[in-house]
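The values are calculated or read from the model by the stated rules, or taken from the named source; none is laboratory data. What you see is a predicted model; the values in this text were computed from it and never measured. Positions of Cβ are generated from backbone atoms using ideal geometry, with glycine treated the same way; all protein chains shown enter the neighbour counts. Each accessible area value is taken on the protein alone, full model and side chains, heavy atoms only, with ligands, DNA and RNA left out. Shrake-Rupley method; radii C 1.70, N 1.55, O 1.52, S 1.80 Å.
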Amino acid sequence: MEWYTAAERFTEALASSDPTPGGGAAAAMTGAMGCALAMMAVGTTLKRKATPEEIRPRLTQSLKRLNAFKNELKGYIRQDGEAYAAYLTAKKLPKESPEREKAVQDALLFAARVPADAASAAMHCLREVEQIKGDIAEIILSDVHCAKHLLQACIKSSVESIRANLAFIKNEDRVNEINKQIATLLKAC
């Protein structure tokens, strides 16, 4: 049960008082789990002898796309911590430094971009799942529904992380742009 050890370590890291991993990493992990669960349902369907030959190529291509989304989301787990570290580094610059404000604003934009990218990947994965759910074996369809809920949770949780950073971003044009992106992401749910 090696997988259990990894799950245990991640949840304990989330439970600690350390700032990372935090909500953004948890959101990305949730999205990666949603993709992985959808992959399991597709893979199981492909292994079944009763699966019609005409849908196998479509499911095989879907499996490749789901794998790409899963790997992308796994990358955002790490990047969320990197974004927080960049913010801390910027905040440590001397207050009188002319570079400090720009560095802080850049770090805040990075910290908002990571969960936005994670939510976008989850949204695309969710669309993929919607397209193939009719091809999934009935016996495993409940896992597809669970995958959808996990992907929606990734999107909604990512939006919360975006908003946490958005409150401190001073560039109004960027804030408006990000708010439009938030509206698009939430529509996917």
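Each residue in region 104-146 was checked for being open to solvent by 20 Å² or more (accessible area, probe 1.4 Å) and either among the charged types (D, E, K, R) or touching a strand residue (DSSP E or B) at 6+ places or on another chain (Cβ under 7 Å) (or both), and 9 of them qualify.
In the list Glu96, Glu101, which residue meets the criterion of being assigned to a loop (DSSP other than H, G, I, E, B) and open to solvent by 20 Å² or more (accessible area, probe 1.4 Å)? Among Glu96, Glu101, only Glu96 is assigned to a loop (DSSP other than H, G, I, E, B) and open to solvent by 20 Å² or more (accessible area, probe 1.4 Å). Does region 81-92 contain at least one residue that is outside any helix (DSSP H, G or I) and either without any contact (Cβ under 8 Å) to a residue 12 or more places away in the chain or over 24 Å from Lys64 (Cβ atoms) (or both)? Checked region 81-92: at least one residue is outside any helix (DSSP H, G or I) and either without any contact (Cβ under 8 Å) to a residue 12 or more places away in the chain or over 24 Å from Lys64 (Cβ atoms) (or both). With respect to the stated conditions, Ala119 fails to be in contact with a Phe, Trp or Tyr (Cβ under 7 Å, 6 or more places away or on another chain) and in contact (Cβ under 8 Å) with a residue 24 or more places away in the chain. Residues satisfying the criterion are absent from region 23-43 (criterion: surrounded by fewer than 10 Cβ atoms within 10 Å (Cβ to Cβ), free of Cβ contacts under 8 Å to residues at least 24 places away in the same chain and assigned to a helix (DSSP H, G or I)).
Pairs are defined by a Cβ separation below 8 Å, a sequence spacing of at least 6 or placement on different chains, a first member in region 127-153 that is closer than 14 Å to Gly34 by Cβ, and a second member that is outside any helix (DSSP H, G or I) and of a type outside the set (Gly, Ala, Ser); the pairs so defined are Val144/Ile136; Gln152/Cys189.
Within region 99-126, the set of residues being of a type in the set (D, E, K, R) and under 23 Å from Cys35 (Cβ atoms) comprises Arg113, Asp117.
Here is a check on your reading of the model: is Leu150 in contact with a helix residue (DSSP H, G or I) (Cβ under 7 Å, 6 or more places away or on another chain), part of a helix (DSSP H, G or I) and at pLDDT 95 or above? Yes; evaluated as a whole, the condition is true for this residue.
Does region 57-64 include one or more residues that are under 20 Å from the mean Cα position of the chain (by Cα), in contact (Cβ under 8 Å) with a residue 40 or more places away in the chain and closer than 24 Å to Ser120 by Cβ?
Initial filter on region 57-64 (under 20 Å from the mean Cα position of the chain (by Cα)): 62-64.
Those still in the list that are in contact (Cβ under 8 Å) with a residue 40 or more places away in the chain too: 62.
Okay, now just the ones that are also closer than 24 Å to Ser120 by Cβ, so 62.
Checking region 57-64: at least one residue is under 20 Å from the mean Cα position of the chain (by Cα), in contact (Cβ under 8 Å) with a residue 40 or more places away in the chain and closer than 24 Å to Ser120 by Cβ.
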